[in-house]
Amino acid sequence: MSCVIFGAGKIARGFVGHILTLSGIPFVFVEKYEPLVEKINARGSYTVNVMGNTAENCVVEGVHALSFAEKEEIVSAIAGADVVFTAVGGKNLGEIVPFLTEGIARKAASGDNLNVITCENWKKPAQILHDGVKEALAPEHQSYLAEKVGFAEAVIMRSGIEPDEKQLAEDPLWVNVSNFWQMPVDGDSLKGSIPEIRCVKPMNNFAGFLERKFYTYNAANGTVSFVGALLGYKDLGSAAYDKRIIDILEGVYDETSRALAKKHGIPLEEQVAFAGTSRAKLQDKAIIDTIERNARDPLRKLGKDDRLVGSANLVLETGILPEHLCISIAAAIYYVSPGDPSAEELVRMRTEEGIDAVLTKVCSLDPDGVIGKLVKEKINLLKEWGWIHE
């Protein structure tokens, strides 16, 4: 029994590697960034610090990493694995398809099941990998792929936070994580059974849960991040205690909760309780997380299916006016972060082409539609409040 983890960043080390260690399952990292590979192999261990629950801190030992240059070793590791996890970032999924393709082709000879579980904050990452492998795989292995290889999404609700200088001095691979211990996985997409792994919870109707999580947790995170940035906050936790932001956040939770309960046919109080876990995470003082990290890449986060615009569309579709979500969208449109190429392009587009261009090109919204008009009203409101200065 063994696993492969593509990626060796904070979630790969601080969640996937952590729970595999706690479950007594050996694994190997596969990482593109050579200096990180060298550091892992030189040290052979790293520290996981569970913020707010240090009794659960753990030193993960006996770790090894393969670089992308070690293709044969990677293919062999995949062929011998029970589960392959990915935590590489959605933009990088295409780069691991060739390794998966060759590993699956080699494993086909055994006839054993293989499950690929994606730990990505990205739209349909499992589908991306499945389609990429299917296209590249030889015809003689297609039946094995269809019958024995599962591609399943996981919802990652544990956060990985940058260590401080003191922690890095003690362990340059140190990773801080939030005190969250569940990894829901799309059980319907798995093939056969997977090893008993602590925190991994296969579940049915995963698509519904994924949407509920995204439009609850991510919409709330986007609200606190972008409104917080507008008000000059640097860390997420402090922003989440500002009464002005709380008022907007509560409105966002109300809008998304009513819409999600209606769409998925669940009791409103159940969805409201779920939203409460989101607020508790945002206001957890043990989690030191930056606004910049959470607001990074605003062009993507303002996309039509992403946390804010996607939530607003969902809310409107269920007959509810997304008043508070449109405040969040308005704040995001005015996000400024020098050094973030996405934020810099957003500033350029907003100042040179105008708000309507941002709504059309970035948000895929009709500037004269219900949401488009409402966002522009909220921009004017934020200016009246003195939160936007031009």
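So here's what we get for this one:
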read-out	value
Yes/no for VAL155 being of a type in the set (A, V, I, L, M, F, W, C), touching a residue at least 24 places away in the same chain (Cβ under 8 Å) and closer than 23 Å to ALA126 by Cβ	yes
Residues that are free of Cβ contacts under 8 Å to residues at least 60 places away in the same chain and surrounded by 15 or more Cβ atoms within 10 Å (Cβ to Cβ), drawn from the range 252-265	TYR253, SER257, LEU260, ALA261, LYS262, LYS263, HIS264
Candidate set from the range 1-16 (those that are surrounded by 24 or more Cβ atoms within 10 Å (Cβ to Cβ) and part of a helix (DSSP H, G or I)); member that is nearest to the chain's Cα centre (by Cα)	ILE11
Count of the range 144-178 residues which are outside any helix (DSSP H, G or I) and surrounded by fewer than 17 Cβ atoms within 10 Å (Cβ to Cβ)	4
Subset tally (residues that are more than 25 Å from MET1 (Cα to Cα) and at pLDDT 95 or above) for the range 112-126	0
Complete set of residues in the range 179-231 that are within 18 Å of the chain's Cα centre (by Cα), within 30 Å of LYS262 (Cβ to Cβ) and among the polar types (S, T, N, Q)	GLN182, THR216, ASN218, ASN221, THR223, SER225
Qualifying residues in the range 302-319 (those that are in a loop (DSSP other than H, G, I, E, B) and over 20 Å from the mean Cα position of the chain (by Cα)) - the one surrounded by the fewest Cβ atoms within 10 Å (Cβ to Cβ)	GLY319
Entirely in the range 64-143, the helices (runs of 4 or more DSSP H) that have 3 or more residues that are in contact with a Leu (Cβ under 7 Å, 6 or more places away or on another chain) and closer than 30 Å to SER45 by Cα	71-79, 93-107
Which numbered condition VAL370 misses (of (1) closer than 21 Å to SER225 by Cα; (2) over 28 Å from the mean Cα position of the chain (by Cα); (3) among the aliphatic types (A, V, I, L, M))	(1)
Complete set of residues in the range 255-269 that are under 23 Å from the mean Cα position of the chain (by Cα) and acidic (Asp, Glu)	GLU255
Per-region count, the range 41-69, residues over 30 Å from ASP284 (Cα atoms) and buried (at least 17 other Cβ atoms within 10 Å of the Cβ)	5
Qualifying positions in the range 44-63 - farther than 15 Å from GLY17 by Cα and either in a helix (DSSP H, G or I) or without any contact (Cβ under 8 Å) to a residue 60 or more places away in the chain (or both)	THR54, ALA55
Residue selected from the range 282-299 under the condition surrounded by fewer than 16 Cβ atoms within 10 Å (Cβ to Cβ) and of a type in the set (Lys, Arg), by the criterion nearest to GLY237 (Cα to Cα)	LYS285
Looking only at the range 20-68, and only at residues there that are aliphatic (A, V, I, L, M) and touching a helix residue (DSSP H, G or I) at 6+ places or on another chain (Cβ under 8 Å), the one that is nearest to ASN92 (Cα to Cα)	VAL30
Some residue of the range 86-95 being closer than 13 Å to CYS119 by Cβ, assigned by TED's automatic domain parsing to the domain that holds PRO125, free of Cβ contacts under 8 Å to residues at least 40 places away in the same chain and within 24 Å of the chain's Cα centre (by Cα)	yes
Meets criteria (outside any loop (DSSP other than H, G, I, E, B), touching a residue at least 60 places away in the same chain (Cβ under 8 Å) and crowded, with 16+ Cβ neighbours inside 10 Å) for ALA275	no
Residue check, LYS134 of a type in the set (D, E, K, R), modelled with pLDDT of 95 or more, surrounded by fewer than 21 Cβ atoms within 10 Å (Cβ to Cβ) and over 15 Å from LEU93 (Cα atoms)	no
Scan of the range 107-120 for residues that are out of contact with any Asp or Glu (no Cβ under 9 Å at 6 or more places or on another chain) and surrounded by 15 or more Cβ atoms within 10 Å (Cβ to Cβ), ordered by number	LYS107, VAL116
Some residue of the range 237-251 being surrounded by fewer than 21 Cβ atoms within 10 Å (Cβ to Cβ) and at pLDDT below 95	yes
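The values are calculated or read from the model by the stated rules, or taken from the named source; none is laboratory data. This is a predicted model, so every value here is computed, not measured. Heads up, the Cβs are rebuilt from the backbone with ideal geometry, glycines too, and the neighbour counts pull from every protein chain shown.
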